[in-house]
Amino acid sequence: MSRIKIKQLSISYGNHQVLKNVSLDIPDRQIIAVIGPSGCGKTTLLKSMNRLLDLNEDVAVKGEIFIDGENIYRPDIDVTALRKRVGFLPQHPYPLPMSIFDNVAFGPKIHGLDISSTPAVSGAQEETGKKEGMRRFVEHYLSLAGLWDEVKDRLHSPAAKLSIGQQQRLALARVLSIEPEIILADEPTSALDPISAKLVETQFKILKQDYTIIFVTHILRQAKRLADYIIFLYMGDLVEHATAGQFFSEPRDEKTRAYITGEIS
Ligand SMILES: Nc1ncnc2c1ncn2[C@@H]1O[C@H](COP(=O)(O)OP(=O)(O)OP(=O)(O)O)[C@@H](O)[C@H]1O
Ligand SMILES: [Mg+2]
């Protein structure tokens, strides 16, 4: 089953073409790793999938990306609704200058979401009132991000006091609180210490039952540990995409083999 289909996607910044005629289907409810050397177009590919690229002035996108059958580059698409369905976890967490609690509570406020319809709260709010509804909401998403136990006794202290690893899981809680179906994550653990990175990886493995997670990584070992499916880019070309098992044990392309063995980097 595939919900994301990329057809003949080419992307340029000014006259510099960084993705060249990329076509692939991305499997649903799995962890997908996008790998390849620096500058090969990984972030560009990731950001093309929720139209975050639009924020660049001189970017040109050719081709099509279908999500659930809908071409997200159609001019009349609702980009805000798209970005709600396709959440983005950046490389560095930037907590809002407010408490841990408010960082999570803030998402639905800016998106104008009615939290009583979310799985975290549904039904409970009538019985318990708005305040308790929001408390449950915040607990639900902090738990999904694997952070609840560490912060439940200091929810009202500033988020900035958390460690970077905790801030990254807070950022994940905020992404999840918008109830996306697809999560894009650009090198989500590169700023973290190994233990925090492990915690994020563990959470991804749990979340993939309900979400499609597409993440960029520089670390082959991490792709091997975590991903079900690999997308390998090299200088803007899609060289190979395959299940992780096939990719690492029986690569079809000579470049893939050379990259895995470290002959090219
Ligand atoms: N906003 C931009 N304007 C102009 N060129 C850009 C822009 N963003 C990226 N590029 C160029 O496009 C190419 C691909 O960049 P991209 O960020 O997608 O690579 P990447 O694979 O994510 O690299 P890294 O591993 O270093 O993060 C690079 O040559 C980069 O310099
Ligand atoms: Mg990048």
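The values are calculated or read from the model by the stated rules, or taken from the named source; none is laboratory data. This is a predicted model, so every value here is computed, not measured. For neighbour counting, all protein chains shown are included, and Cβ atoms are generated from backbone atoms with ideal geometry for every residue, glycine included. These accessible areas exclude ligands, DNA and RNA; they are computed on the full protein's heavy atoms, side chains included. Shrake-Rupley method; radii C 1.70, N 1.55, O 1.52, S 1.80 Å.
Within segment 106-129, the presence of at least one residue that is at pLDDT 90 or above and under 17 Å from residue 179 (Cβ atoms) is confirmed. Cβ-Cβ contacts under 8 Å between residues 6 or more apart (or on different chains), taken from a first residue in segment 10-24 that is assigned by TED's automatic domain parsing to the domain that holds residue 36 and away from ligand 2 (no atom under 16 Å from the Cβ) to a second residue that is assigned to a strand (DSSP E or B) and β-branched (Val, Ile, Thr), are listed as 10/22; 10/61; 12/18; 12/59; 17/11; 23/6; 24/6; 24/231. Taken across segment 51-60, residues that are assigned to a helix (DSSP H, G or I), open to solvent by 20 Å² or more (accessible area, probe 1.4 Å), within 16 Å of ligand 1 (Cβ to nearest atom) and within 19 Å of residue 188 (Cα to Cα) do occur, with at least one present. For the residues 230, 219, 195, the requirement of being of a type outside the set (D, E, K, R), free of Cβ contacts under 8 Å to residues at least 60 places away in the same chain, farther than 21 Å from residue 107 by Cα and within 16 Å of ligand 1 (Cβ to nearest atom) singles out 219. Filter segment 132-159 down to the residues that are of a type in the set (D, E, K, R) and either open to solvent by less than 50 Å² (accessible area, probe 1.4 Å) or modelled with pLDDT under 95 (or both) and list them by number. Once the filter is applied, which keeps residues that are of a type in the set (D, E, K, R) and either open to solvent by less than 50 Å² (accessible area, probe 1.4 Å) or modelled with pLDDT under 95 (or both), segment 132-159 yields 132, 135, 136. Among the candidates 3, 51, 83, 29, the residue that is touching a helix residue (DSSP H, G or I) at 6+ places or on another chain (Cβ under 6 Å) and of a type outside the set (Phe, Trp, Tyr) is uniquely 51.
Tell me whether segment 89-99 contains one or more residues that are closer than 22 Å to residue 201 by Cβ, within 16 Å of ligand 2 (Cβ to nearest atom), surrounded by 13 or more Cβ atoms within 10 Å (Cβ to Cβ) and of a type in the set (S, T, N, Q).
So the first thing to find is which residues in segment 89-99 are closer than 22 Å to residue 201 by Cβ, and the list is 89-95.
After this cut, where a residue has to be within 16 Å of ligand 2 (Cβ to nearest atom) as well, the list is 89-92.
Within this subset, residues satisfying the condition of being surrounded by 13 or more Cβ atoms within 10 Å (Cβ to Cβ) are 89-92.
From what is left, the residues that are of a type in the set (S, T, N, Q) are 91.
Checked against the condition, which is being closer than 22 Å to residue 201 by Cβ, within 16 Å of ligand 2 (Cβ to nearest atom), surrounded by 13 or more Cβ atoms within 10 Å (Cβ to Cβ) and of a type in the set (S, T, N, Q), segment 89-99 yields at least one hit.
Listed by first and then second residue, the pairs with beta-carbon distance under 6 Å, at least 6 apart or on different chains, first residue in segment 34-49 and without any contact (Cβ under 8 Å) to a residue 24 or more places away in the chain and farther than 19 Å from residue 83 by Cα, second near ligand 2 (Cβ under 8 Å from one of its atoms) and open to solvent by 10 Å² or more (accessible area, probe 1.4 Å), form an empty list. Return yes or no: is residue 162 at pLDDT 95 or above, more than 24 Å from residue 25 (Cα to Cα) and surrounded by 16 or more Cβ atoms within 10 Å (Cβ to Cβ)? Against the criterion (at pLDDT 95 or above, more than 24 Å from residue 25 (Cα to Cα) and surrounded by 16 or more Cβ atoms within 10 Å (Cβ to Cβ)), residue 162 qualifies. Considering the conditions (1) touching a strand residue (DSSP E or B) at 6+ places or on another chain (Cβ under 9 Å); (2) within 19 Å of residue 185 (Cα to Cα), residue 84 is excluded by exactly one of them, (1). Residue selection: residue 212 fails the criterion of being open to solvent by less than 50 Å² (accessible area, probe 1.4 Å), closer than 30 Å to residue 262 by Cβ, among the hydroxyl-bearing types (Ser, Thr, Tyr) and within 16 Å of ligand 1 (Cβ to nearest atom).
Of the residues examined, residue 68 is not one that is touching a strand residue (DSSP E or B) at 6+ places or on another chain (Cβ under 9 Å), farther than 26 Å from residue 107 by Cα, of a type in the set (Asp, Glu) and open to solvent by 50 Å² or more (accessible area, probe 1.4 Å).
Please find, among 258, 223, the residue that is more than 16 Å from ligand 2 (Cβ to nearest atom) and surrounded by 14 or more Cβ atoms within 10 Å (Cβ to Cβ). Before the answer, list the steps.
Numbers: 223 fails: more than 16 Å from ligand 2 (Cβ to nearest atom).
Checking each option against the conditions leaves just 258.
Quick check: is even one residue across segment 26-48 over 22 Å from residue 223 (Cα atoms) and open to solvent by less than 20 Å² (accessible area, probe 1.4 Å)? Working first, answer last.
Restricting attention to segment 26-48, the residues satisfying the condition of being over 22 Å from residue 223 (Cα atoms) are none.
No, there is no match, as no residue in segment 26-48 is over 22 Å from residue 223 (Cα atoms) and open to solvent by less than 20 Å² (accessible area, probe 1.4 Å).
Only one of the numbered conditions (1) away from ligand 2 (no atom under 16 Å from the Cβ); (2) in contact with a strand residue (DSSP E or B) (Cβ under 8 Å, 6 or more places away or on another chain) is violated by residue 76, and that is (2).
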